[in-house]
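Peer 1: Next up is a structure, given as structure tokens.
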Amino acid sequence: MNGLSYLKTALRDRRIGAVTRSSSFVVQALLRVLPSNARHIVEYGSGDGVVTTELLRAIPPEARVVGIEQNAALVTELRRIT
């Protein structure tokens, strides 16, 4: 999903807390404070998976990320992440 598609989705659904996708700055700041021993991560409001994708790249294979998202269009995007 590109930035414009995300914005349109966010404007249609007031439950979405951000009208833009997470920037690379936000993602890198989050990864810097992620404990190295984290094995279970719950991401509430996963959006279209910008942060989820980077979390999955950063964690060891035995760790798990649980993404929680209410918007059906964004859930469809999350399901594309493998």
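The values are calculated or read from the model by the stated rules, or taken from the named source; none is laboratory data. All values reported here derive from a predicted model rather than from experimental measurement. Neighbour counts run over all protein chains shown; Cβ positions are idealised from the backbone, glycine included. With ligands, DNA and RNA removed, areas are computed over all heavy atoms of the protein, side chains included. Shrake-Rupley method; radii C 1.70, N 1.55, O 1.52, S 1.80 Å.
Peer 1: Considering region 37-57 alone, what residues qualify as being open to solvent by 60 Å² or more (accessible area, probe 1.4 Å) and in contact (Cβ under 8 Å) with a residue 12 or more places away in the chain? Quick ask: steps written out before the conclusion?
Peer 2: First, the residues of region 37-57 that are open to solvent by 60 Å² or more (accessible area, probe 1.4 Å): 37, 39-40, 42, 44, 56-57.
Scanning region 37-57 gives 39, 40, 42, 44, 56.
Peer 1: Also, I was wondering about something else. Give the residue, chosen from 32, 57, that is within 22 Å of residue 1 (Cβ to Cβ) and either in contact with a Cys (Cβ under 9 Å, 6 or more places away or on another chain) or of a type in the set (Lys, Arg) (or both). Can you show your working first?
Peer 2: Numbers: 32 fails: within 22 Å of residue 1 (Cβ to Cβ).
Answer to the check: 57.
Peer 1: Just the residues that are in a loop (DSSP other than H, G, I, E, B), open to solvent by less than 100 Å² (accessible area, probe 1.4 Å) and not small (Gly, Ala, Ser), please, taken from region 4-22.
Peer 2: Hits for region 4-22 are 13, 16, 19, 20, 21.
Peer 1: Among the residues of region 23-56, how many are basic (Lys, Arg) and at pLDDT below 95?
Peer 2: Going through region 23-56, the residues basic (Lys, Arg) turn out to be 32, 39.
Cutting the leftovers down to at pLDDT below 95 gives us none.
Result for region 23-56: 0.
Peer 1: Still on this structure, I have one more. When you scan region 60-82, how many residues do you find that are open to solvent by less than 20 Å² (accessible area, probe 1.4 Å) and either of a type in the set (Val, Ile, Thr) or over 25 Å from residue 3 (Cα atoms) (or both)? Before the answer, list the steps.
Peer 2: Narrowing region 60-82 to residues open to solvent by less than 20 Å² (accessible area, probe 1.4 Å): 63, 71, 74.
When the remaining residues are screened for being either of a type in the set (Val, Ile, Thr) or over 25 Å from residue 3 (Cα atoms) (or both), the result is 63.
Summing the residues that are open to solvent by less than 20 Å² (accessible area, probe 1.4 Å) and either of a type in the set (Val, Ile, Thr) or over 25 Å from residue 3 (Cα atoms) (or both) in region 60-82 gives 1.
Peer 1: Further question: Restricting to region 23-36, give me the number of residues that are in a helix (DSSP H, G or I) and open to solvent by less than 80 Å² (accessible area, probe 1.4 Å). Walk me through it before giving the result.
Peer 2: First, pick out the residues of region 23-36 that are in a helix (DSSP H, G or I): 24-33.
With open to solvent by less than 80 Å² (accessible area, probe 1.4 Å) added as a condition, the list becomes 26-27, 29-31.
So the count comes out to 5.
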